[in-house]
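Let me begin by presenting the structure, written as structure tokens, before commenting on it.
The values are calculated or read from the model by the stated rules, or taken from the named source; none is laboratory data. Computed from a predicted structure; not experimentally measured. Backbone-built Cβ (ideal geometry, glycine too); neighbour counts: all protein chains shown.
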Amino acid sequence: MAMMKSCVGIFAGLATGLVLTAPPAGAESWPQRAVHLIVPSGPGSSLDVGARLFADRLADRWKRPVVVENRPGAEGIIGVNAFVNMHDDHTLLVSFAGPMSVLPVTQEKLPYDPVRDLVPISSSTDNFGTIATSVSLKVVSLSELITTARVQPGKLNYHATPGAFPILMAGFAKSAGIEMVAVSYRESILSTQDLVEGRIQIAITTLTNVLPQALAGKVRLLAVTNKVRSPLAPDVPTAIEAGFPELSYESFSGFFGARDIAPALRDQISADVRAAAADPAIAERLATVGLIAHGSTPAEFSAAIAAQRAQMASIAKLIGAKPAQ
């Protein structure tokens, strides 16, 4: 009898040890097949470039293929809504923050609930935004742009890459008392050629989209939206330095899961994304296209999105935009 009790105690101890050392439920066997990343912008965009670099590194870590699927259009709504409706635990969203922080305060209706349907996992990259002009416009500063726009009300066309840039430019125009015409593109990268040709005069977009043309002298960079200058364009002032803090904005992108993602799996993926972001090789490759590798915890990423949403709500109030219903 004593021996039996001893054996029971041993087995109980072993069971306790197994429970204590077992991987978190919902994470230990994932992924079991290829993972798909939905990217709500077109091929060649800065978001797409960053997503593909992370996809390669995560495929190495997960020992499974990681496939990028581009779903551009409607300021990110098409891609985000497609992801929300997939209900697939092997599909993740890699998106700029606009569909979660900007559109809820500017659109009357959205086909998804950014708080209910999307779970922030980790940021992946920080991007540089810039205000660029066609060289044919012959302005070299934001102040000159305002002066030119005031004498040609409604004559200047601009494109704003989906996300925060449309509301930032609208807020800038409202504050400056100028009228410009917004031009939409299904894929923002297509606007760059029109900017070079002078068919549109202004673009507020990612530095990645226009840096090659700027270096070739085909477009002019007036400012970056970030709080610090870009290492790839060190002579271009920040919006704050140029005297227009209302154009100050930190652009970031990251990974999101579906609303029913297990917390343990969310945390596992977040750790893997952060590990990829910390890889010097990834950071070096991202830097060549104007991106900064930046991983974060789910809590940190959620807080950044909430802060950006508050900033956008303030501008939306200024321009009279209506929040999502």
### Message
If V236 satisfies all but one of (1) assigned to a loop (DSSP other than H, G, I, E, B); (2) surrounded by fewer than 21 Cβ atoms within 10 Å (Cβ to Cβ), what's the number of the condition it fails?
### Response
(2)
### Summary
Residue count, segment 60-86, condition in contact with a strand residue (DSSP E or B) (Cβ under 7 Å, 6 or more places away or on another chain) and over 25 Å from T206 (Cβ atoms), comes to 2
### Message
If I go through segment 262-279 residue by residue, how many of them are surrounded by fewer than 19 Cβ atoms within 10 Å (Cβ to Cβ) and either of a type in the set (A, V, I, L, M, F, W, C) or closer than 23 Å to A82 by Cα (or both)?
### Response
6
### Query
Quick one: in segment 82-109, which of the residues that are in a helix (DSSP H, G or I) and in contact with a Lys or Arg (Cβ under 9 Å, 6 or more places away or on another chain) is surrounded by the most Cβ atoms within 10 Å (Cβ to Cβ)?
F83
### Query
Taking segment 239-259 as the region of interest, how many residues are in contact (Cβ under 8 Å) with a residue 40 or more places away in the chain, among the acidic types (D, E) and part of a loop (DSSP other than H, G, I, E, B)?
1
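Conditions tested, residue by residue: (1) surrounded by fewer than 23 Cβ atoms within 10 Å (Cβ to Cβ); (2) over 22 Å from Y249 (Cα atoms); (3) not assigned by TED's automatic domain parsing to the domain that holds G243.
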residue	(1), (2), (3)
P111	yes, yes, yes
L118	yes, yes, yes
L142	yes, no, no
A160	no, no, no
A173	yes, no, no
A176	yes, no, no
L190	yes, yes, no
G198	yes, yes, no
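Does Y158 qualify as being hydroxyl-bearing (S, T, Y), within 25 Å of the chain's Cα centre (by Cα) and either assigned to a helix (DSSP H, G or I) or over 30 Å from A277 (Cβ atoms) (or both)? Steps first, answer last, please.
Numbers: hydroxyl-bearing (S, T, Y): yes; within 25 Å of the chain's Cα centre (by Cα): yes; either assigned to a helix (DSSP H, G or I) or over 30 Å from A277 (Cβ atoms) (or both): yes.
It is true that Y158 is hydroxyl-bearing (S, T, Y), within 25 Å of the chain's Cα centre (by Cα) and either assigned to a helix (DSSP H, G or I) or over 30 Å from A277 (Cβ atoms) (or both).
Quick check, is D260 under 21 Å from L92 (Cα atoms) and in contact with a His (Cβ under 9 Å, 6 or more places away or on another chain)?
Working: under 21 Å from L92 (Cα atoms): yes; in contact with a His (Cβ under 9 Å, 6 or more places away or on another chain): yes.
Criteria met by D260.
Matching residues to (1) surrounded by 19 or more Cβ atoms within 10 Å (Cβ to Cβ); (2) of a type outside the set (V, I, T):
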position: K63; (1), (2): no, yes
position: I77; (1), (2): yes, no
position: I121; (1), (2): yes, no
position: V151; (1), (2): no, no
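Within segment 256-273, is even one residue under 14 Å from the mean Cα position of the chain (by Cα) and either more than 30 Å from Q213 (Cα to Cα) or at pLDDT below 95 (or both)?
yes
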